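Please read the structure below before turning to the comments.
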Amino acid sequence: MLSTAIAIPEFAGSLHLTRKEAELLRILRDHTGQCLSREFLLTTIWGYTGHIRTRTLDVHIQRLRRKVRLFNLGGEIQTILRHGYCWVTNTPR
């Protein structure tokens, strides 16, 4: 897998992500607080059209969640059942 280093403003360093992971993270963060449907993400990132049954998005979300937790990027990816995924920022407790 090819990886690329991207700059995350809240992280003082580089995080190595695959191109698809980087694109997925960018889109989720650009739409913070908005639920993005599986269909939207599959079409936008992978170019899939129509009703496609694939686990590609699930696998990328799982890997990206691990990296987001590891590097504490100031937010998390939440699953909105039957709708899609959402980036939410961490709020101090």
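Details
- The figure for T43 is an accessible area of roughly 70 square angstrom, using a 1.4 Å probe on the protein chains alone.
- Local electrostatic count, L28, Cβ distance below 12 Å [Lys/Arg +1, Asp/Glu -1]: -1
- Counted by Cβ distance under 9 Å from E76, the other residues give a net charge of +2, where Lys and Arg count +1 and Asp and Glu count -1.
- Between T79 and D30, the modelled label-to-label distance comes to 2.6 nm, taking each label 7 Å out from Cα in the direction of the beta carbon.
The values are calculated or read from the model by the stated rules, or taken from the named source; none is laboratory data. From a predicted model like this one, the values you see are computed outputs, not experimental measurements. Cβ atoms come from the backbone with ideal geometry, glycine included; neighbour counts cover every protein chain shown. Quick note on the areas: whole protein, heavy atoms, side chains included, nothing else; ligands and nucleic acids left out. Shrake-Rupley method; radii C 1.70, N 1.55, O 1.52, S 1.80 Å.
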